[in-house]
Amino acid sequence: MGMSEEQTSGALAPTRRQALARPDFPVARVARRLGVDPAQAEIVLHDDERARAAIARSVEEFLAADDERRAGRAPSTALALDPDFPTGVGMALVGAAVLWDARDLVPRVALRVAKDHYEDGADELAASYLALVQEAIEPGEDSGDDALAWAAQSLLVSVLQRSGSAVQADEIARDLAAHSIPLDLWRDDDPSLPDSSMAWHGGAFVGGIPPRRDERSLSFEDVHDYMNTLLADMHREQEAEDDAG
């Protein structure tokens with residue numbers, strides 16, 4: 001089940017402070033990925049409002065570049081020149097959005113990342129990012145994100161058919177049909193629901209449908225495991241760049 005905004009903020013704020021306080025936090029690389037002036041990096045990353053604004057700008061740039069890529073055009077934005085674009089950049093932006101509690105920025109990028117992982121055959125990673133999409137969208141909220149949550153649900157059917165339980169896949173497919181949701185909704189770059197569809201009800205991972213092989217349901221904060229790995233990798237890359245320079 002999703003966490004309330006208050007619960008999420010309370011859970012994530014200490015993690016953000018702890019991450020920023022780490023001596024190996026790769027300030028320069030994070031700032032570069034968020035399009036922040038290196039001279040202002042420390043100030044911006046310690047200012048939650050400015051950091052979230054930078055993440056929001058990078059998310060919009062990422063989505064525009066990914067739209068171009070998916071349409072068969074060469075992306076024209078600077079973010080697309082990152083060697084980790086698109087999937088690695090998307091993962092980093094999801095991690096940053098979670099770390100800075102920019103919950104509203106998670107679903108669109110996390111769904112793109114999940115699709116990339118699914119298309120690459122990485123079904124467990126795909127399921128994890130689908131969980132993040134749906135954990136970030138509260139059922140009954142007038143957020144306009146119902147289509148994203150249902151798109152994640154529809155992709156979960158394909159993930160389970162290939163790497164999980166056919167019975168669970170069929171159960172979810174029936175739920176989609178009952179709510180007038182197209183089974184291939186996830187294939188749309190910008191999903192929208194038919195007029196006959198019903199609002200997101202939050203039922204993707206209830207009923208014991210685990211997105212992980214260890215059978216532990218993925219919580220919203222579990223992305224911090226990824227963030228720790230990302231930070232370590234970015235620190236090593238930054239050290240390598242410094243040595244090369």
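The values are calculated or read from the model by the stated rules, or taken from the named source; none is laboratory data. Predicted model only: the values in this text are computed from it and were never measured. Positions of Cβ are generated from backbone atoms using ideal geometry, with glycine treated the same way; all protein chains shown enter the neighbour counts. Heads up: the accessible areas ignore ligands, DNA and RNA and are worked out on the full protein's heavy atoms, side chains in. Shrake-Rupley method; radii C 1.70, N 1.55, O 1.52, S 1.80 Å.
Before moving on, here are some points about what is shown:
- Any chance residue 97 is outside any loop (DSSP other than H, G, I, E, B) and open to solvent by less than 10 Å² (accessible area, probe 1.4 Å): yes
- Number of residues in region 137-147 that are within 17 Å of residue 190 (Cα to Cα) and either open to solvent by 10 Å² or more (accessible area, probe 1.4 Å) or part of a helix (DSSP H, G or I) (or both) equals 5.
- Residues satisfying the stated conditions in region 148-164, i.e. part of a helix (DSSP H, G or I) and either open to solvent by 10 Å² or more (accessible area, probe 1.4 Å) or of a type outside the set (Gly, Ala, Ser) (or both): 148, 150, 153, 155, 156, 157, 158, 159, 160, 161, 162, 163
- For region 28-72, the set of residues classified as farther than 15 Å from residue 100 by Cα, assigned to a helix (DSSP H, G or I) and among the hydrophobic types (A, V, I, L, M, F, W, C) consists of 28, 39, 62, 63, 64, 65, listed by residue number.
- Residue that is modelled with the highest pLDDT, among those in region 113-135 that are assigned to a loop (DSSP other than H, G, I, E, B) and on the phi < 0 side of the Ramachandran plot: 120
- Test: residue in region 48-69 that is modelled with pLDDT under 90 and either open to solvent by 50 Å² or more (accessible area, probe 1.4 Å) or touching a Cys at 6+ places or on another chain (Cβ under 7 Å) (or both): no
- Given (1) of a type in the set (A, V, I, L, M, F, W, C); (2) in a helix (DSSP H, G or I); (3) open to solvent by 10 Å² or more (accessible area, probe 1.4 Å), number of the condition residue 110 does not satisfy: (3)
- Every pair of residues 6+ apart whose Cβ atoms lie under 8 Å, when the first sits in region 172-200 and is without any contact (Cβ under 8 Å) to a residue 24 or more places away in the chain while the second is of a type in the set (A, V, I, L, M) and part of a helix (DSSP H, G or I): 173/157
- Checking region 121-136 against the condition returns a match, with at least one residue being over 24 Å from residue 175 (Cα atoms) and open to solvent by 10 Å² or more (accessible area, probe 1.4 Å).
- Comparison of 194, 182 shows that the only residue that is under 21 Å from residue 67 (Cβ atoms), out of contact with any strand residue (DSSP E or B) (no Cβ under 8 Å at 6 or more places or on another chain), assigned to a loop (DSSP other than H, G, I, E, B) and not polar (S, T, N, Q) is 182.
- Against the conditions (1) open to solvent by 20 Å² or more (accessible area, probe 1.4 Å); (2) under 28 Å from residue 194 (Cβ atoms); (3) outside any helix (DSSP H, G or I), residue 104 satisfies every one except (3).
- Residues considered: 25, 85. Of these, the only one that is closer than 21 Å to residue 133 by Cα, open to solvent by 10 Å² or more (accessible area, probe 1.4 Å) and assigned to a loop (DSSP other than H, G, I, E, B) is 85.
- Positions within region 81-104 being within 18 Å of residue 45 (Cα to Cα) and either modelled with pLDDT of 95 or more or among the small types (Gly, Ala, Ser) (or both), in sequence order: 92, 95, 96, 97, 102
- Close contacts from region 46-61, counting a first residue that is free of Cβ contacts under 8 Å to residues at least 12 places away in the same chain and closer than 13 Å to residue 109 by Cβ and a second that is aliphatic (A, V, I, L, M) and open to solvent by less than 30 Å² (accessible area, probe 1.4 Å), with Cβ to Cβ under 8 Å and a gap of 6+ residues or different chains, come to none at all.
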